[in-house]
Structure formats: C-alpha cells, structure tokens
1. Which sequence of B:Glu137, A:Glu29 reflects their accessible areas, 1.4 Å probe, from the largest down?
2. With every protein chain kept in place and ligands, DNA and RNA left out, what is the accessible area per residue of region A:46-133? Probe 1.4 Å, answer in Å².
3. Just add up the charged neighbours of B:Met55: K/R +1, D/E -1, any other residue whose Cβ is under 12 Å from the Cβ of B:Met55.
4. Pop out a list of residues from region A:89-111 that are at least 50 Å² less accessible with all the protein chains around than in their chain alone; 1.4 Å probe, no ligands or nucleic acids counted.
5. Can you list which of the chymotrypsin sites (Phe, Trp or Tyr not before Pro) found in region A:64-135 are DSSP loop residues with at most 13 other C-beta atoms within 10 Å?
6. Leaving out ligands, DNA and RNA, calculate the buried accessible area for the pair B and A with a 1.4 Å probe, summed over both sides, in Å² to the nearest 100.
7. Could you state how much accessible area B:Arg124 has, in square angstrom rounded to the nearest 10, with a 1.4 Å probe and all protein chains kept in place?
Amino acid sequence: MRNSFYLLGLIFSMNAFAATSQELLKQYEVQAKQENTAFAGFSAERGASFFKAERTHSDGKKVSCATCHTSDPRKQGKTRANKVIEPMATIANPQRFTDATKVEKWFGRNCKDVLERACTAQEKGDYIQYLTSVK
Amino acid sequence: MMKKWMQLLVLITSITSAGTLLASGGFGEGGESHGSQMPVVNNAKWKSECSSCHMLYHPALLPERSWNKVMAGLDQHFGENASLDTAAHDEIAKFLAENSADKQANRRSNRINQSIPAAATLIRISETPYFVAKHDEVSANTFKRKSIGSPSNCIACHKGAEKGDFSESQVKIPR
C-alpha cells in the first residue's frame with residue numbers, strides 16, 4: 001500500500017512539470033502586476049518587435065533574439081556553435097512553453113546574452129504571447 | 001476494484017520509467033578503455049545540458065583542471081551565458097572530472113593530456129598542441145565553410161565525435 005502511494009506521488013510530481021503556455025502567461029501576469037501597477041496585459045505586437053529588435057552588445061556586436069532563432073520563428077534556428085535550434089513558434093513546435101523550468105532557464109540565459117540584463121515579466125509575457133499567436 | 005486500480009498504476013509507472021531510462025541513454029555499452037578509442041560514457045544531465053548549444057564534447061578530450069575551469073566560468077562560456085542550477089552544475093562537474101583525459105587509459109586521451117604544458121589550463125580543445133598538430137593540413141578556410149563553421153565543430157568531419165571516435169578512417173570533410 002505504501003508503495004502505491006509512492007507511485008502515485010511520482011506520477012503527480014511528473015505532471016507538475018507540464019504546463020501550457022496559457023498557464024505560463026497567467027504566472028507572468030501575476031508577476032507583471034507586481035512589477036508594474038499600470039500593467040495592462042500582454043501584446044503579441046510588442047513581443048514581435050522585442051523578438052526582432054537589434055541591440056548593440058557591450059562587445060560591439062549587434063544581437064537580437066532573431067540572431068539565433070531567425071526572423072521567422074516558424075523556422076529552425078542555429079546556435080553560434082552550429083547546432084540546430086528547433087522553432088520557437090508553437091505552431092511549428094508544440095513543445096515550446098510547456099515546461100516552466102525550461103522556459104525560465106532560457107529566459108535567464110538569453111536575456112543576459114541579448115539584453116545584458118534580466119527580462120521583465122512584461123517582456124517574457126509579450127514574447128510568449130507573440131510566439132503562441134504566430135500562424 | 002482497488003486491485004485493478006493499483007495494477008493500472010504500476011503499469012503506467014513502469015512504462016513511464018522505462019521511457020525515462022531510454023531517453024537518458026541508461027543502457028550503455030560498457031566502454032573499452034584501452035586502445036585509441038575513448039570509452040563510452042553516459043550522463044543524462046551532461047548530454048542534455050551540454051548539447052543544447054554545441055556538439056557533445058567527450059570528457060576524455062580535456063584534463064580535469066580544464067573542465068574545472070570551464071565549469072567555474074559558465075556564466076561567460078565562450079561569450080555566452082550557460083549558467084546551470086547548482087544540482088546540474090555539480091553533477092556535470094563531477095562526471096567530467098571523473099572521465100577526463102588524465103583519468104583515461106586510451107592512447108588519444110593520453111596524447112592530448114601530455115601535449116598540454118603542465119603550467120597551462122587550456123579550455124579550448126582546438127588549442128591543445130595535440131589538436132593543432134593533428135589538423136595542420138586543414139586550412140583556416142576549410143574550417144570556415146558553412147558546413148563546418150569552426151574547429152570546435154568536430155562532428156562536422158568526425159561523425160563519431162560525440163562517442164569519442166576520432167579515427168582517421170572515419171573522417172569526411174564536408175564541401
């Protein structure tokens with residue numbers, strides 16, 4: 001009997017990692033409201049310009065999300081070390097934005113690489129809103 | 001009723017765990033450590049974390065001190081942020097150290113290791129004197145081909161690179 005409780009726990013804990021992009025957006029919405037009292041929702045348009053916006057990095061190079069992911073998020077991208085990156089848009093890759101831990105890991109890394117700072121919850125939400133709306 | 005429910009539960013769990021085991025490459029072949037080939041090594045975290053941005057470098061390609069330096073500087077990993085959470089970091093660091101070039105009996109790892117001056121802690125495999133000498137007939141322009149990219153992309157020419165197979169007979173330089 002004790003074993004079956006253990007197994008039950010295992011199954012539920014595995015499911016806890018799975019999320020939908022809508023659930024993720026709700027989490028970021030809560031954070032965005034805390035960060036900014038004037039928060040008025042996420043915008044796919046703002047997310048699109050954020051994705052494509054080129055910034056000059058402190059090393060002088062121009063970078064954007066699109067540098068590695070390409071300007072069409074339905075297509076495969078490539079890392080600087082020549083490795084394929086699966087598409088970001090959920091229409092081409094339904095696995096995107098289904099694992100909250102993974103999403104936070106990559107925002108953590110890539111925001112520092114591209115923006116040289118952490119992303120705000122507003123930026124993260126706009127980004128997901130855009131990539132889940134691409135048809 | 002209760003019994004059926006429990007049977008189902010056990011069934012689901014065993015399918016799930018078999019899947020996890022397969023995905024993590026749990027069934028290794030058992031490495032041959034002598035001769036020139038690097039041993040077959042397996043670690044799920046090493047595989048998933050290190051290969052998301054670049055090819056999977058075999059731990060027997062660099063000595064322990066080099067891996068320690070790589071792992072200590074992941075926030076600025078060759079110009080990129082590759083930070084890991086503490087658990088993943090420690091597991092991968094331990095795995096790399098335990099399987100590093102200076103812990104190996106195979107010929108290639110020994111030669112890589114011996115080619116590095118004792119006072120140096122190189123973190124680029126392509127800067128080890130062994131690598132440089134072995135690739136002296138490959139021009140800089142060849143490495144720059146779109147199909148290759150740079151000397152760090154071993155797998156472009158060495159198909160078995162991720163398994164530690166760098167045998168000359170397997171080399172195919174793409175156009």
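The values are calculated or read from the model by the stated rules, or taken from the named source; none is laboratory data. In this text the structure is predicted, and so the values were computed from the model without any measurement. FYI the Cβ positions are ideal-geometry reconstructions off the backbone, even for glycines, and counts take in every protein chain you see. SASA here: full protein model, heavy atoms, side chains in, ligands and nucleic acids out. Shrake-Rupley method; radii C 1.70, N 1.55, O 1.52, S 1.80 Å.
1. B:Glu137, A:Glu29
2. Ligands and nucleic acids excluded, the result is 51 Å² per residue.
3. Working: positive: A:Lys83, B:Lys47, B:Lys159, B:Lys163; negative: B:Glu162.
In short, +3.
4. Correct list: A:Arg109.
5. Counting only loop positions with at most 13 other Cβ atoms within 10 Å, none of the chymotrypsin sites (Phe, Trp or Tyr not before Pro) in region A:64-135 qualifies.
6. 1700
7. For B:Arg124, solvent-accessible area is about 110 Å².
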